[in-house]
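Here's the structure, in structure tokens; my notes come after.
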Amino acid sequence: MELQEKIPVPVFAAVDREVFLRNIYPQRQPAVLRGVSLGPCLAKWTVDYLGEKGGDKEVKIHVSTVPQMDFLHKNFAYKTLPFNEFVRRASEKKHSDFFLCEDESYYLRSLGEDVRKEPAELSKQFPGLAEDFHTPDFFEPEQFFSSVFRISSCGLQLWTHYDVMDNLLAQVTGTKRVVLYSPQDALHLYLSGDKSEVLDIDAPDLKRFPKFVRAKRYECVLEPGDLLFIPALWFHNTLALQFGVGVNIFWRHLPADSYDKKDPYGNKDPVAATRALQALERALHTLDELPAEYRDFYGRRMIQRIQKRTYCDGKIDAEQNSTLPSSPFTKPG
């Protein structure tokens, strides 16, 4: 099988705010940051300590009979558990208490108090634990959007997707493999909204997804204490190599009014991008008034104009001219 080109994510040691803002952030490339102080969480966040500090606060979690979770086809169930019970189960490989099967996988992505309006914030949902975690000061306070607490079973793999804000993934306990793809490889990832339809990135179905092998695969393994900088629009896929706890810190790279104000998850496209995609959808409907060979001709001209106006490298891939993207332009709800 033809394999994707693999590129190791660069690792930077002893990074402070000045080094990050001067040498790393402007590159708009993923980077592993080591030696950044995350606070006492690295020593304290054992299973017992997490359960004690988090208490019996109920949390909404994903539960799946298979470790490879698929958000497009929803191969998991949403369940509710007291936090301390959830942490105990997530740290086990076999369960005496379970919802679906004894080797089910668990995943928590913390939510705001009002899930429809408020972004997640560690200091609000888990104040006792937030005291142990030091957020790096790599952005201005007014840029802050959310801090998402994540806990996953060993072996859990999350679907490939992109976010519209910059973020730091702090690995506090356990190890995690992260695979990333550049925004410039979007047409090779078979997108449905913000998610890739290629669920198994290690053994993809190349009959269904033949262009997937062209995407350059950036890869790293995060150890406890590591930070991964994931720039906005970079696709990422995570695999928990051990039971692990992490915190994602999201902040606004663009001016605040560039984002949808009714987006508590921070995953809706910027307002201008949404308008542009809607206008394109209307233009394609207009082309439907023409016979097939005319739609083909003017569709190719539209693609050429879009590439000339927007592609950063200024190059036009002749093969990408051959078809219009078939996946929907709008994100699933």
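Here are a few things to note about the model shown:
- Condition check for Val172: among the aliphatic types (A, V, I, L, M), touching a residue at least 60 places away in the same chain (Cβ under 8 Å) and either in a strand (DSSP E or B) or outside the structural domain of Ile24 (by the TED database) (or both): yes
- Evaluation of Gly333 against (1) open to solvent by less than 90 Å² (accessible area, probe 1.4 Å); (2) modelled with pLDDT under 95 (one fails), failing number: (1)
- The range 180-204, residues that are in contact (Cβ under 8 Å) with a residue 60 or more places away in the chain, open to solvent by less than 20 Å² (accessible area, probe 1.4 Å) and of a type outside the set (Lys, Arg): Leu180, Gly193, Asp194
- From the list Leu233, Leu189, Leu239, the lone residue that is in the same structural domain as Gln29 (by the TED database), at pLDDT 95 or above, at positive phi and not aromatic (Phe, Trp, Tyr) is Leu233.
- Condition met for Gly299 (among the small types (Gly, Ala, Ser) and either assigned to a loop (DSSP other than H, G, I, E, B) or at pLDDT below 95 (or both)): no
- Candidate set: the range 127-149, residues that are touching a helix residue (DSSP H, G or I) at 6+ places or on another chain (Cβ under 6 Å) and not in a helix (DSSP H, G or I); chosen: the one most open to solvent (accessible area, probe 1.4 Å): Asp137
- Candidates Ala232, Ala279 - the one that is among the aliphatic types (A, V, I, L, M) and either part of a helix (DSSP H, G or I) or open to solvent by 50 Å² or more (accessible area, probe 1.4 Å) (or both): Ala279
- Looking across the range 1-36, the residues that are under 19 Å from Tyr181 (Cβ atoms) and charged (D, E, K, R) come down to Glu2, Glu5, Lys6, Arg28.
- From the options Gly299, Gly266, residue that is on the phi > 0 side of the Ramachandran plot and open to solvent by less than 60 Å² (accessible area, probe 1.4 Å): Gly266
Residues checked against (1) under 19 Å from the mean Cα position of the chain (by Cα); (2) open to solvent by 20 Å² or more (accessible area, probe 1.4 Å); (3) small (Gly, Ala, Ser); (4) under 19 Å from Val245 (Cβ atoms):
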{"position": "Val63", "(1), (2), (3), (4)": "yes, no, no, yes"}
{"position": "Phe71", "(1), (2), (3), (4)": "yes, yes, no, no"}
{"position": "Asn75", "(1), (2), (3), (4)": "yes, yes, no, no"}
{"position": "Phe83", "(1), (2), (3), (4)": "no, no, no, yes"}
{"position": "Ser96", "(1), (2), (3), (4)": "no, yes, yes, no"}
{"position": "Leu108", "(1), (2), (3), (4)": "yes, no, no, yes"}
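Quick grid of which residues meet (1) touching a His at 6+ places or on another chain (Cβ under 6 Å); (2) over 25 Å from Phe250 (Cα atoms); (3) free of Cβ contacts under 8 Å to residues at least 24 places away in the same chain; (4) open to solvent by 70 Å² or more (accessible area, probe 1.4 Å):
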| position | (1), (2), (3), (4) |
| --- | --- |
| Asp56 | no, yes, no, yes |
| Tyr78 | no, no, yes, yes |
| Val87 | no, no, no, no |
| Glu121 | no, no, no, no |
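- Selected residue [β-branched (Val, Ile, Thr) and surrounded by fewer than 16 Cβ atoms within 10 Å (Cβ to Cβ)] from Val11, Val32: Val11
- Evaluation of Phe212 against the conditions (1) of a type outside the set (Val, Ile, Thr); (2) touching a helix residue (DSSP H, G or I) at 6+ places or on another chain (Cβ under 8 Å); (3) over 22 Å from Ile7 (Cα atoms) shows that the sole unmet condition is (3).
The values are calculated or read from the model by the stated rules, or taken from the named source; none is laboratory data. In this text, all values refer to a predicted model and were calculated from it rather than measured experimentally. With ideal geometry, Cβ positions are generated from the backbone for all residues, glycine too; neighbour counts draw on all protein chains shown. SASA here: full protein model, heavy atoms, side chains in, ligands and nucleic acids out. Shrake-Rupley method; radii C 1.70, N 1.55, O 1.52, S 1.80 Å.
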